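Report on the following structure.
The values are calculated or read from the model by the stated rules, or taken from the named source; none is laboratory data. Predicted model only: the values in this text are computed from it and were never measured. Here Cβ is always computed from backbone atoms with ideal geometry, including for glycine, and neighbour counts include all displayed protein chains.
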């Protein structure tokens, strides 16, 4: 570029030099191909990690994602086989390591009959394996709940759950953060409460009050408009 800046003994301004650079890039491509010039960088390859750089959630009013997991009762949870009077509710929780989950499920266990009185089927599901789920059953006061275990990461992501990796013992290598989903009898999603931290969840009493209002007033699905 030294010869260019002193064209015919005249000093050419920096703006002119910058303006001519694209033409020299084009000339380089023509003469030597893309691999030889600095204006075209190497193509990047999309990796599996790149695919997880965004977060998507199901849209209320649309068909709920599939949910099939085994339970400690020896059977399984399959939302497609539910036949609730009014709603199915899924409590997605973090797992054995979470004391707030324990408190939530123990309260839910004591108020399960109130959900049943409203015509609501209740499911509890985590990414914990069977052994950790058995410890929950043994150590927590949740005898009325049929604990679903082994939720896959792929299924958790379909539901819009946030995924965390192990930060300290006794956390598993990966687990889903909490969420509560309400599904109508026709299999469509009514509401979805998602969090990326364990704190400030909807309360059990608040959910019961909300469900009662929704049922008594035939309250419509909100938030159905896609971006």
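Within segment 63-76, the residues that satisfy the criterion of being touching a strand residue (DSSP E or B) at 6+ places or on another chain (Cβ under 6 Å) and not in a strand (DSSP E or B) are 64, 72. Residue count for segment 68-101, restricted to those that are within 24 Å of residue 174 (Cα to Cα) and more than 21 Å from the chain's Cα centre (by Cα): 4.
Please count how many residues of segment 122-151 are assigned to a loop (DSSP other than H, G, I, E, B), modelled with pLDDT of 95 or more and under 18 Å from residue 68 (Cα atoms). Working first, answer last.
Our first condition is that a residue be assigned to a loop (DSSP other than H, G, I, E, B); within segment 122-151, this holds for 126-129, 140-146, 150-151.
Checking which are modelled with pLDDT of 95 or more leaves us with 126-129, 140-145, 150-151.
Still in the running and under 18 Å from residue 68 (Cα atoms): 126-129, 145, 150-151.
The number of residues fulfilling the criteria is 7.
Checked against the criterion of being assigned by TED's automatic domain parsing to the domain that holds residue 79, over 18 Å from the mean Cα position of the chain (by Cα) and within 22 Å of residue 120 (Cα to Cα), the candidates 179, 206 yield just one match: 206. When restricted to residues that are without any contact (Cβ under 8 Å) to a residue 12 or more places away in the chain and either part of a loop (DSSP other than H, G, I, E, B) or more than 25 Å from residue 214 (Cα to Cα) (or both), segment 77-115 contains 2. Would you be able to say whether some residue in segment 146-156 is farther than 27 Å from residue 209 by Cβ, free of Cβ contacts under 8 Å to residues at least 60 places away in the same chain, assigned by TED's automatic domain parsing to the domain that holds residue 211 and in contact with a strand residue (DSSP E or B) (Cβ under 8 Å, 6 or more places away or on another chain)? Looking through segment 146-156, at least one residue is farther than 27 Å from residue 209 by Cβ, free of Cβ contacts under 8 Å to residues at least 60 places away in the same chain, assigned by TED's automatic domain parsing to the domain that holds residue 211 and in contact with a strand residue (DSSP E or B) (Cβ under 8 Å, 6 or more places away or on another chain). The number of residues in segment 174-213 being in contact (Cβ under 8 Å) with a residue 12 or more places away in the chain and either assigned to a strand (DSSP E or B) or more than 22 Å from residue 94 (Cα to Cα) (or both) comes to 20.
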